[in-house]
Every structure is written in C-alpha cells, then in structure tokens.
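What follows is one structure encoded as structure tokens, with my remarks underneath.
The values are calculated or read from the model by the stated rules, or taken from the named source; none is laboratory data. Source: prediction; values computed, not measured. Here the Cβ is made from the backbone with ideal geometry for all residues, glycine too, and neighbour counts use every protein chain on show.
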Amino acid sequence: MRRRDFLKLVAASGAGAVVFTGCDLSQFGDGDPKREFQIQSAVDNPQDFALGRDLWYATAYPGIAGGSGLIVRVYEGRAKKVDGNPDYPLNMGRSTALEQSLVQELYHPDRIGGPLKLKGDRGSGSFSALSWGDAQNEFNSMITAGKGSTLLITGPVSGSEAAVVDQFTKAIGGQHVTYEPEERIVLREAMRRVFGSEHLPAFDLGNAQFLLNFGAEFLNDWISPVHLSIGYGAFRAGVGGKRGRYWHVGPQLSATAANADKWVYINPGTEGLVALSLAQVMTSQGLVDKGAASSIYNGISLDDYAPDKVASKAGISADQITEMAKAFAGAKPAIAMAGTSAAAHTNGLFNLTAVYALNYLVGSVGAKGGVMLNPDSPLPDVLPNMTGGTSYRDWKPIVDKIKSGGTKLVLVHDANPVYGLPPAIGLKDALGAGTKVVSFSNFLDETTTQADLVLPTLVTLEDWGLHVPDPGPGYPTVALQQPVVKPFVDAKSFVDLLIGAATTAGGSLPWKTNEELVRTVVGQLQQAGGGNITGVDDPKEYFVTVQGQGGWWDSNKAASAAPTAPAKPTNAAEPKFDGNGEYYLLPYPTNSLSYGENSHLPWLQALPEPISTNVWSTWVDVNTSTAKKLGVETGDIVKLTTSTGSVEVAVYMNPSAPTDVLLVPFGQGHVIFSRYAEKRGENPFAFIAAQTEAETGALAWAATKVSIKKANKKVRVPRLEGSVPAYQLEEFPIIEVEAAE
Amino acid sequence: MGRIIKPVIVVVILLLVLAIPALAVVARSYILAPVAQPAKAQPIAFPHSIHVNVVGLDCTFCHRGATTQADSTVPALQLCMGCHAIIPTTDRPQLEKLVNAFNSGTPINWTRVHQLPDHVHFVHAMHINAGFNCATCHGDVASMAPGAVVQVRDLRMGDCITCHRENNAPTDCSTCHY
Amino acid sequence: MAHRWGMTIDLDLCTGCQACVVACQAENNIPINTEENFQQRRAIEWIRVERYWEGEFPNVKARYIPVPCMMCENAPCEPVCPVYASYHTDQGLNFQVYNRCIGTRYCSVNCHWHVRFFNFWEPKWPDSLKQQLNPLVAVRSRGVMEKCSFCIQRIDHAEQSAQLQGRDVKDGDFTTACAQACPTRAIVFGDLNNADSEVAKTVASTKRGYQLLADLGTNPAVVYLKKIDADPLPEDSKHKYFDSSQYTRVKETVAVG
C-alpha cells in the first residue's frame, strides 16, 4: 500500500475507537463451529465503520524508550495487524517484532480480566475477583490511609502520563521511582556529562561514513531500534556518499555486532580504556587537532593510555588499536557509540563518557552525519520529558523504608522490579512485610503476586496518551496514542485511575479523564504554534488531524545547540569483577525478549535469538574449543556458579563466543508470568553479583565472574538451526571491496 | 437350495457395497445439494418481498458492501430503524422483535443461508461490477416467503468454474483459494 | 502483460532483526511455534532468518540470510505433487492449494530451500488469541502443506481494487507483510515484468545480484544482493569447516526474468 493511501485511510478514521456492540468473546471467534453459520446485524453503525472491511488507525507505542508511531489494522472491531506509521518521523512506516506482537498483548489468554483481591498468602498467586465498585472503594481507602508516605513505581513515563504522575505524587505527598534497564541510567548520566543534555541523542547514521560501536545493541533492543535501523539502512546504502563502514568493539559477537564489517574483541569492561587509547593515537599522530583533546579529556593524561599500555588489559594488540584509530579518524563524518554491556560494568560511566567524547575529537557533535542532541519537550509543564530510572544503589533505601514500615502504600505500574532487581535487595520480602501493595498490571507477574489489590489497566491499543519520545528524531516530537479497539477485558486506564486517586488524596487536577487531558494538551500544542499541521484553525478539526497523523512534530525547529567539549569529565577506571570463577559471565538482552519484560508474548518466545537461533529457553553460549576442553557439547547441562548462587543451563556451542566469556541471555526465569513465560529457563538477574557502577550506582550486571562444571545431563535445546547446516556448503557469495579511502 | 442362496447373498452384498460410491454421488447431487435444503429458521421472519416489491428498495440499500467490497454485509439495526422508528409495531410481532433488539442493544444473529467454506474467498464487488445482478446467484429473493430465503444456485466449485469459463473470468486456483 | 511478482533481499542491509518473521506470522495466521515444535524440527516460519558462520573466534563472522519461498519458475515441488496441489499460477507464483492437498509431503522433500511446512497437528490457539486471526487468510488444518504465498491476499486485493478503479496495479500499491515491516528496507517486493518497478530496476542495475542455489536452474523470483565485505577475514581463517576445493560451484549471477 502506498504512503499516500495510508495517510488517507488513517486520516479518515479520525473518530477514534470502534464501538462494535455485541461482538464479545462469548459469541464469535470462540471456535464453536455453529457460529460459522451465523451472520450478525450489529446495533450501531458508526460512520467510520463498515462491516466486512478493514480500517487502519494511527496510534503510538511508548514501550520502547524511543517510542513508535503505529498504524493498526482493525477488522470488525478487532485489531489484526500492527505496522509502523509511515508519517511518524521516528519509524517512518517500519516496525519491530515487539510492535508486531502488541496484538498478542491485547488478546493474551492470561490477561487479567478484572480487579483482583489477594486471597491467601502473598506470592501464592491466589486471588479472588471483585467488582470495580468494590475495588475502587478499597483503593480509595488505601489512598486515604497511605497519604504522605506512598511510593509509586512505574516504567519510564513521559508526556501526559508523566504529567499526571507528577500531579499525583504532589497531591499524595509521595515518591515516584522509575524502573528501567539499569544500563540506561548510566547512559543518561553519560549524556549529561558528555553532551550536557538531559535527553538521549539522535544519531544521524544516514549521513555518516563510519560507525565505531562499543557494544550498543542499537539494531535490536537498545534505545530506539527502528529509528536507528532506518539510519543504518541509509548508512549502508550510501546515502551520505559512500557505503558506510561499521566496526564493532566489544566482548560479544552479538546480533548487532554480526552486521559489522569488523568485530574487534576486547575484554569485558575495557571499552573506556580502548577509547582513551584511540584518543591518544589520534592526537599523538596528528590525526585530529591536538589542542582540542586537552579540553575534551580534561584531567586525564592521555599518554598513560598509549596502545602498548592498554593492549594487554583489553586483550588485543597495540596494532589493532592504532588501526582502529586511523580508520575512525580517517572517515568523516564518523560516529562513536557505546551502550548495553559497556555500561553494565563498575566503570560503566567511564566507558561511555570516554567513547562518546571521541565524537568531539572528530568534530561529529551537532554536525551532519554525527550526534544530534534532542531538544526539550515542546510543552515541558504538561508534557514532561522522560526522566531516568532509579539506580540499584538508590533502590536500597527505598526497599529498606518499605521493609521498616515507613512506606504505607506501594503502587506499581508497568514495572516488574521483583524480577528485574537482584534478589539480594530483598524487595520481594519487603513487599510481603505488611505494606499495602496495589499493582496496576495486566498479567500476574512476580511483583503483582505480592499485591493486595490488582487493578488491570488498558493496554497500548486501548488507551489514550501523548508521549514525548526519548530519544527523539532531533526536533520536538509528540506521539498521540488513541484507542483503536474497545477494551477487550474489564480494565481501566491507568491514568484515569491515577487522576481519581489524586483527587481522593485532595489534589485538584485540571482534567477529569485521560482523554480530556489528551484533548486539552493537543489544544495547547495548537496554540503554541508550529508543527506538522498547518492551515487548520478549528480545534476539533486540528485534533482529528493530529489523530490521523499519529502525533505532532516540528521538523523546522532545529536540534539544541551542541557544546564544544564535555560538561564534566569522568575519572578513568578499570572494571572490577566479583567472584573467583575463571570465566567472565556476560548476560545479554536479546532482540525479542529484551530484559524479560516481553516474555509473555508467544511470538517473541518463538522468535529465534539471531546468533544462536535458540528459542523458548535459557542457554549458555560456550566457545567451541572451550566446550571441547570442558567435554561438553550443545545440549549438555552445565552448572554455572557465581558468588551469589548457581544455576543449571544447557550449553550452546557458539564458534563466535570468546574463549573466556560465558554468555547467558536475559528474558527467561519467570516464576509466574502467563503460560508462555513461567517456569521456563533461568533469570540472570537472580545469579549475578549485585555489583554497582561506581558513580551512578546502577546495577553492573556484567561484572560477575563464573565457574562452569559439567552436570552429566542432556536436553534437546529448542532452536531453528539444525534443519539447515551451520556452515555454508558453497562459497559464501560475498563481494570483497577495497577499504574506503 | 442353501448352496444357491449363499452365493446370491454374497453377490447382493457385493453389489450393495459397490453401489455406495454411486449412491453418494447421486446423493451429493440431489439430496445433499445446497439447493435441496429446506429454508433455515431465522430469528426474525424478514419479508424481502415488502422491502423490494412494495417499498421499492434496491438490494444495495441494505447490503451496502456488495458494490465495493468482498462482503455484501447485513445492515446494522440502526439502518433498519432509520425507517422503522416511525412505523408502528402494533400487531406486528416480527417488527416488535426488531425494535426490542435495537432498544436493548442486542445484535441479531441471523442464520447464514449461503455458506462458503473458509478456504474460498468470494468478492461480491468484482461480480457486481462485471455486470451481474444479485439475482444471478441469489435468485428472486423478493418472491421468497418471509424468513424463508433459500439457496437457489448450487454455488459449489463446479458451478463457479462453469460460470467463470463461460465469462472468461480467471480460473486460476489462487483466484479464490488462499 | 502478466505480472511476475518478485522480491529483492539486500543482504548488506539485513540486520537479522526478524521483524519480517513476526509480521508474516501475524498476517498469515501461522500457528504459534511451541518449544516442542522446534525440538521436533516442525516449526513453521514462512520466512525465516538463517545465520551462517564464517571462521572461528577471534576471526569470526556471522551472516544473516532471510529465506522466504523462492517462487521458482521451474519449481521442483510442483511436478512431484500427485494431486496438483502445488502448482504454478498465471502470475508465475508457485502456489499451494490447501483444499487440494492430501499431505504426501513429496513437495517438501523436493524443495531445496526447506520453505515448505507440514501441519502435523491441527493448529491451536487459545480462544482469545483467535481474535487476532486475519479473516482474509484460511487457517490450514492438519495434514496440509503450507508455505509463503507472497501475501496472495494482498496481491488479490490490490488487483481487485485496481480493476474496480479501471486501471492496472502500480508499483507500490501494496507490498508483502515482511517488506512492509523491514526497518532497513532490505526486502523489496514488486513486479519483475514492470520495468518501472523498484525490484526490476534493482535487478537490472545491480552487480551484486544472485539467486539462492541458482545452479539448480529453477530460476527463483527472489533475488539476493550479496553482502559487501569491506573488511574480510584473513584468508587462513576463512571457511574453516569445509574444504572449498571440493566445491566448485557457480559463483556468478544468473539473469532473471
């Protein structure tokens, strides 16, 4: 379908959610053959809704930090297919496996159908159903009792939802903490120090000629995968002149690294040292302006990091470092990027700042084909930007306060900290210690089973919202989320519930419902001027147009001005590892399950991890020769022991795995989280050592050493590979080209 | 005698067994054929005759999808009520059912008369736009008794293919089956 | 002129993200692949992303290659079907008629690309997930082969819409689910017989084009663009796992269409 056609359809469907009375689960689609011989006359016939015909609605998904504009195909009141919104600047009609799977979240068989109240012991997962009226009364009394000492835990929020969260915390006198992947906390701090920016940056990959990436999974689950993939496509197709060249530096040939022209192995946690060494080579050999380096690496004597001094620590040769530096400085524009496991070390912040500072050396900050800084939200009061997560170190006093009874009420939404934080912190026991816990969740997960009251909330395709993506595309952007189908179960909007709670607590909010909030704020955007919609004066028409487009953005407003040197330097540090094992333990987020928050969606469970092609399980990637040495092969169970505990997982023989690193994917090991995720595999968060990043206090999940022992058991690892040979039998069709000049 | 009866019985049984396929073919063409089925019970005895012959409505007034899309679609009750809001229901039990359903917000589940299998994709719009009348396949629905619409045309693959051949329409499998 | 639907897959752009795989499953009512399905090698993925190794640590590379049905012009799966369930359409599609299939699986044995899948069991979904099923695609029952159809429902819909508007299908009127989702535009779908289409232009102009197992002479409608290897591995670390001298295969492009 052509872009313009999409636009027409999307715009035509401005009236919002389809209301298809009577088409409930008990009647159609239940597989009862006799229904096939029936045909239904609906009661209402909304203007934008024709029976027997599909319609596409624009909405948005805030789930990935970057956020995506979506179009959803709705057929007789049921969402069938999710695709990217062709107009939305971040994903331009493209989408990820996760976004495609949102329909499974909507129609998940284990979705909670209505309010639940704890029955029996906490954590047992035994609940009894109650009506929304009773649930609301109970919730209100908890809010009244919890006034002054309430803790609200959410996933990353921005835009209208963040505005309500602010109002709520103010009204109740409570505290709001955000749970997000801990390496992002380090990344956000690095952006503050290197670029002086509160927001994650946009990378102009399309115009770049060289990408030097230290571990960031930017094509898979990192900050904005679709946007960066689109940029990567342009980068490889040679939009900026020649085909861009991509070198990946890090301890793992990850799903992203496999796309690199060259992968350079370095020991875990030595990214920062190598970056300083690159800077040393570039300045000492006159590849870049030497004067600039002193202000960029303020307080660090670069000569201490000459290649021969760093090489042995990083596990590579000095020549390799020099070669890298020459390649990076030689191709302009060039981008240096770092993230994921590079940030998850005790020296994670140093790793990131040292790498991102390289962009200053080659003049790529704020330049075409470089790093673009994102501006503030167009309306910071009513549409706050995304704020960073709470570090592991900051979680500790919070958990202690819950444990000691200092917190009377804990509210949890869109976060599963009991699963995602190491058990050493004791959050599970703290929540079981008598504090009232309310979970706004659609699924019974590890955190929700600790709750006294479960209030199910609407999922992405059922709710309203305005989101400020972080990272944005380099200019102010707001995504509009609208319901594309009627709620499938008896759930309520989280924002509506929070507005109600804030009112109960004595606050006075200018909006009564989520929808009213969205409509009001879009009106304010119109008054503020600018944006993608011009020539529309009538507020109603303006809103409908924003609905059809899927959001508001102003590509004429330039990105924030870029600084010329890092705002604050970071001290150089070497990584520290916990434990006596002889191998590094490197857990890694996979492109489908990420850190385990999407494990309940069967399409994602059944999606092969790109490198190993394994599915539905936890395994450990062991280098082929290491495996031979240990006497194990694919399918053999091994026991991994860290200072925290030990687990048994199956071996996957991986010829790309480093000889002294054991790789374990995140995502599994849910005790309870729907029929597709529970009691499946192991959770790496539960057996890594709870080390923290030295400065930010974020969990350093890659800073553990591990030992491995054969367990004399064997399983059949479920995977795609096997029906096809792992090594090609004919010469791989590859064009070898000369190195770019 | 016994010596003759035994082979005769064997032969008769053999003939009966051999006749089963032949009978099945005959049954498929006559007793089991869609057109041989009696009218199915409907929740409301809807009189097509009044709407077409007396009021003079076109088929597509109610079956709005027929000219533009795959499904011809049955109308929503809202459309019925466009007229029926002002038509008295006294002594009209069938009409009362409609008004009650609309007022209580209950959709009406009609019994399908023309049921094609799942793996057949029929598109009304293509046939109407090729110049065929609704009656070509559905017969004279207006003259059928209220609530007793029956299938008048075989509409099995042989029927479809014959018509497609006569009219130079595509007979590729993928035209209908996917 | 008759259409010849084709696809180009640029391996230099493919990142192995597998958005195409899920997009295909959502569009074509593919049953949920359970753990047991994978263990029994019975997982159904009309398009899959294969990974190939080159070398071993530290000189190692992994390559991705998405594999849908090749839509061969001389398809090996067709002549072996005893009931003509696997046949060639007027538009050059290699097509599976589900209602005709009797499940001999000869076609899957004869397919060199392993892109035909057999329904060993009746596909099952929980009741609520059935709400997602695409009404325009039949759910295949037990005992039936299934395979990539190049989203025939979208092709038919686009052709019918064009016919109702009194015109011919244009390039970009529609695309397959995998191509629509692909973030890097590695997969492009179109009419190879239409010289103005993006795929035809790419096939005509590229120097990187090749067909998978082209030497079998089936002339697939899926044309791959070779990956560019700007920094090749050292010669001695390449192809460690087979003796390339034993395999003298055609390396050059075979023309299409």
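Check whether at least one residue in segment C:139-158 is out of contact with any strand residue (DSSP E or B) (no Cβ under 7 Å at 6 or more places or on another chain) and without any contact (Cβ under 8 Å) to a residue 12 or more places away in the chain, and report yes or no.
yes
Any residue at all in segment A:120-134 that's surrounded by fewer than 20 Cβ atoms within 10 Å (Cβ to Cβ), in contact with a strand residue (DSSP E or B) (Cβ under 9 Å, 6 or more places away or on another chain) and facing another protein chain (nearest Cβ under 10 Å)?
No, segment A:120-134 has no match at all.
Out of the residues in segment A:502-532 meeting the condition of being part of a loop (DSSP other than H, G, I, E, B) and surrounded by 19 or more Cβ atoms within 10 Å (Cβ to Cβ), tell me which one is farthest from the chain's Cα centre (by Cα). If you could, list the steps in order and put the result at the bottom.
Start the filter on segment A:502-532 by keeping residues that are part of a loop (DSSP other than H, G, I, E, B), which leaves A:505-513, A:529-532.
The next check asks that each one be surrounded by 19 or more Cβ atoms within 10 Å (Cβ to Cβ); those that pass are A:505, A:511, A:531.
Values: A:ALA505: 32, A:TRP511: 30, A:GLY531: 27 Å.
Restricting to residues being part of a loop (DSSP other than H, G, I, E, B) and surrounded by 19 or more Cβ atoms within 10 Å (Cβ to Cβ), the top hit is A:ALA505.
Restricting attention to strands (runs of 3 or more DSSP E) lying wholly within segment A:244-359, give those where 3 or more residues are of a type in the set (A, V, I, L, M), in contact with a helix residue (DSSP H, G or I) (Cβ under 8 Å, 6 or more places away or on another chain) and not assigned by TED's automatic domain parsing to the domain that holds A:PRO658. Outline the logic, then answer.
Values: elements: A:245-250, A:262-265, A:334-338.
Once the strands (runs of 3 or more DSSP E) in segment A:244-359 are filtered for at least 3 residues that are of a type in the set (A, V, I, L, M), in contact with a helix residue (DSSP H, G or I) (Cβ under 8 Å, 6 or more places away or on another chain) and not assigned by TED's automatic domain parsing to the domain that holds A:PRO658, what remains is A:334-338.
Please find, among C:VAL169, C:VAL188, the residue that is in contact (Cβ under 8 Å) with a residue 24 or more places away in the chain, away from chain A (no Cβ under 11 Å), of a type in the set (Val, Ile, Thr) and crowded, with 22+ Cβ neighbours inside 10 Å.
Working: C:VAL169 fails: crowded, with 22+ Cβ neighbours inside 10 Å.
One residue alone meets the criteria, C:VAL188.
Among (1) aromatic (Phe, Trp, Tyr); (2) in a loop (DSSP other than H, G, I, E, B); (3) more than 14 Å from chain A (Cβ to nearest Cβ); (4) crowded, with 16+ Cβ neighbours inside 10 Å, there is one condition C:TYR87 misses while meeting the rest; what is its number?
(2)
Out of everything in segment A:249-269 that is over 24 Å from the mean Cα position of the chain (by Cα) and over 16 Å from A:PHE328 (Cα atoms), what residue ends up being surrounded by the fewest Cβ atoms within 10 Å (Cβ to Cβ)?
Filtering first and then ranking leaves A:ASN267.
Can you confirm whether segment C:103-110 contains a residue that is crowded, with 22+ Cβ neighbours inside 10 Å and part of a loop (DSSP other than H, G, I, E, B)?
For segment C:103-110, residues crowded, with 22+ Cβ neighbours inside 10 Å and part of a loop (DSSP other than H, G, I, E, B): absent.
C:SER128: surrounded by fewer than 21 Cβ atoms within 10 Å (Cβ to Cβ) and within 16 Å of the chain's Cα centre (by Cα), yes or no? It would help to see each step written out before you state the result.
Details: surrounded by fewer than 21 Cβ atoms within 10 Å (Cβ to Cβ): yes; within 16 Å of the chain's Cα centre (by Cα): no.
It is false that C:SER128 is surrounded by fewer than 21 Cβ atoms within 10 Å (Cβ to Cβ) and within 16 Å of the chain's Cα centre (by Cα).
Of A:GLY146, A:GLY159, which residue is on the phi > 0 side of the Ramachandran plot, away from chain C (no Cβ under 14 Å) and crowded, with 21+ Cβ neighbours inside 10 Å? Talk me through it step by step, then tell me what you get.
Numbers: A:GLY146 fails: on the phi > 0 side of the Ramachandran plot.
So the residue among A:GLY146, A:GLY159 that is on the phi > 0 side of the Ramachandran plot, away from chain C (no Cβ under 14 Å) and crowded, with 21+ Cβ neighbours inside 10 Å is A:GLY159.
Do you know which of the residues in segment B:136-153 that are in contact (Cβ under 8 Å) with a residue 60 or more places away in the chain and within 27 Å of C:HIS157 (Cβ to Cβ) is nearest to the other protein chains (Cβ to nearest Cβ)? Full working, then the answer.
Within segment B:136-153, the subset in contact (Cβ under 8 Å) with a residue 60 or more places away in the chain is B:141-153.
If we keep only those that are within 27 Å of C:HIS157 (Cβ to Cβ) as well, we get B:151, B:153.
On the way: B:GLN151: 13, B:ARG153: 18 Å.
Among residues in segment B:136-153 that are in contact (Cβ under 8 Å) with a residue 60 or more places away in the chain and within 27 Å of C:HIS157 (Cβ to Cβ), the one nearest to the other protein chains (Cβ to nearest Cβ) is B:GLN151.
So that you can scan it fast, the table gives a plain yes or no per residue for (1) within 30 Å of A:GLY241 (Cβ to Cβ); (2) modelled with pLDDT under 95:
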site: A:ILE300; (1), (2): no, yes
site: A:VAL310; (1), (2): no, yes
site: A:ILE335; (1), (2): yes, no
site: A:GLY369; (1), (2): yes, yes
site: A:LEU373; (1), (2): yes, yes
site: A:MET386; (1), (2): no, yes
site: A:THR390; (1), (2): no, yes
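Consider C:GLU50 against the criteria (1) closer than 27 Å to C:VAL223 by Cβ; (2) more than 7 Å from chain A (Cβ to nearest Cβ): it satisfies all of them except one. Which criterion is unmet?
(2)
If you check A:LEU630 against the conditions, is it under 27 Å from A:THR346 (Cβ atoms), among the hydrophobic types (A, V, I, L, M, F, W, C) and touching a residue at least 40 places away in the same chain (Cβ under 8 Å)?
Details: under 27 Å from A:THR346 (Cβ atoms): no; among the hydrophobic types (A, V, I, L, M, F, W, C): yes; touching a residue at least 40 places away in the same chain (Cβ under 8 Å): yes.
No.
Which members of segment C:207-240 meet the condition of being of a type outside the set (Lys, Arg) and in a strand (DSSP E or B)?
As a first pass, look at segment C:207-240 and keep what is of a type outside the set (Lys, Arg): C:209-225, C:228-237, C:239.
Listed by number, the residues that qualify are C:GLY209, C:TYR210, C:VAL222, C:VAL223, C:TYR224, C:LEU225, C:ILE228, C:ASP229.
Looking at this structure, is A:SER229 in contact with a Gly (Cβ under 7 Å, 6 or more places away or on another chain), among the small types (Gly, Ala, Ser) and crowded, with 24+ Cβ neighbours inside 10 Å? So that I can check it myself, show each step before the final result.
Values: in contact with a Gly (Cβ under 7 Å, 6 or more places away or on another chain): no; among the small types (Gly, Ala, Ser): yes; crowded, with 24+ Cβ neighbours inside 10 Å: yes.
For A:SER229, the condition - in contact with a Gly (Cβ under 7 Å, 6 or more places away or on another chain), among the small types (Gly, Ala, Ser) and crowded, with 24+ Cβ neighbours inside 10 Å - is not met.
I'd like to verify a number: residues in segment B:102-135 that are polar (S, T, N, Q), surrounded by 13 or more Cβ atoms within 10 Å (Cβ to Cβ) and away from chain A (no Cβ under 14 Å), how many?
Residues meeting the conditions: 1.
Has segment B:20-40 got any residue that is farther than 27 Å from B:THR106 by Cβ and either of a type in the set (D, E, K, R) or at the interface with chain A (Cβ under 9 Å from one of its Cβ atoms) (or both)?
There is at least one residue in segment B:20-40 that is farther than 27 Å from B:THR106 by Cβ and either of a type in the set (D, E, K, R) or at the interface with chain A (Cβ under 9 Å from one of its Cβ atoms) (or both).
Please list, ordered by residue number, the strands (runs of 3 or more DSSP E) wholly in segment A:125-220 having 3 or more residues that are farther than 24 Å from A:THR448 by Cα. Show your work before the answer.
Numbers: elements: A:127-129, A:150-154, A:175-178, A:210-214.
Counting at least 3 such residues, we get A:210-214.
Out of all the residues in segment A:179-217, which are among the polar types (S, T, N, Q) and outside the structural domain of A:GLY272 (by TED's automatic domain parsing)? Steps first, please.
At the first step, the residues of segment A:179-217 found to be among the polar types (S, T, N, Q) are A:197, A:207, A:209, A:213.
A:SER197, the sole residue that qualifies.
Among the residues of segment A:376-390, is any among the hydroxyl-bearing types (Ser, Thr, Tyr), surrounded by fewer than 20 Cβ atoms within 10 Å (Cβ to Cβ) and on the phi < 0 side of the Ramachandran plot? Working first, answer last.
If we filter segment A:376-390 for residues that are among the hydroxyl-bearing types (Ser, Thr, Tyr), which is where we start, we get A:377, A:387, A:390.
Those left that are additionally surrounded by fewer than 20 Cβ atoms within 10 Å (Cβ to Cβ): A:387.
After this cut, where a residue has to be on the phi < 0 side of the Ramachandran plot as well, the list is A:387.
Within segment A:376-390, one or more residues are among the hydroxyl-bearing types (Ser, Thr, Tyr), surrounded by fewer than 20 Cβ atoms within 10 Å (Cβ to Cβ) and on the phi < 0 side of the Ramachandran plot.
Looking at B:ARG3, B:ARG28, which one is loosely packed, with under 10 Cβ neighbours inside 10 Å and not β-branched (Val, Ile, Thr)?
Among B:ARG3, B:ARG28, only B:ARG3 is loosely packed, with under 10 Cβ neighbours inside 10 Å and not β-branched (Val, Ile, Thr).
Report yes if some residue within segment C:198-218 is within 22 Å of the chain's Cα centre (by Cα), within 11 Å of chain A (Cβ to nearest Cβ), of a type in the set (A, V, I, L, M) and closer than 26 Å to A:ASP221 by Cα; otherwise report no.
Looking for residues that are within 22 Å of the chain's Cα centre (by Cα), within 11 Å of chain A (Cβ to nearest Cβ), of a type in the set (A, V, I, L, M) and closer than 26 Å to A:ASP221 by Cα, one finds none in segment C:198-218, hence no.
C:ALA26 - would you say it is at negative phi, at the interface with chain A (Cβ under 7 Å from one of its Cβ atoms) and in contact with a Phe, Trp or Tyr (Cβ under 9 Å, 6 or more places away or on another chain)?
Yes.
If the Cβ limit is 6 Å and pairs must be 6+ apart or interchain, which residue in segment C:85-102 that is on the phi > 0 side of the Ramachandran plot pairs with which residue that is in a loop (DSSP other than H, G, I, E, B)?
C:GLY92/C:ARG4
Quickly run through segment A:424-481 and pick out the residues that are farther than 30 Å from A:ASN683 by Cα and assigned to a helix (DSSP H, G or I).
Answer for segment A:424-481, where residues must be farther than 30 Å from A:ASN683 by Cα and assigned to a helix (DSSP H, G or I): just A:GLU462.
Listed here are the residues, each with its yes/no results for (1) among the aliphatic types (A, V, I, L, M); (2) more than 28 Å from A:TYR57 (Cα to Cα); (3) touching a helix residue (DSSP H, G or I) at 6+ places or on another chain (Cβ under 9 Å).
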site: A:THR447; (1), (2), (3): no, yes, yes
site: A:LEU458; (1), (2), (3): yes, no, yes
site: A:LEU466; (1), (2), (3): yes, no, yes
site: A:PHE494; (1), (2), (3): no, no, yes
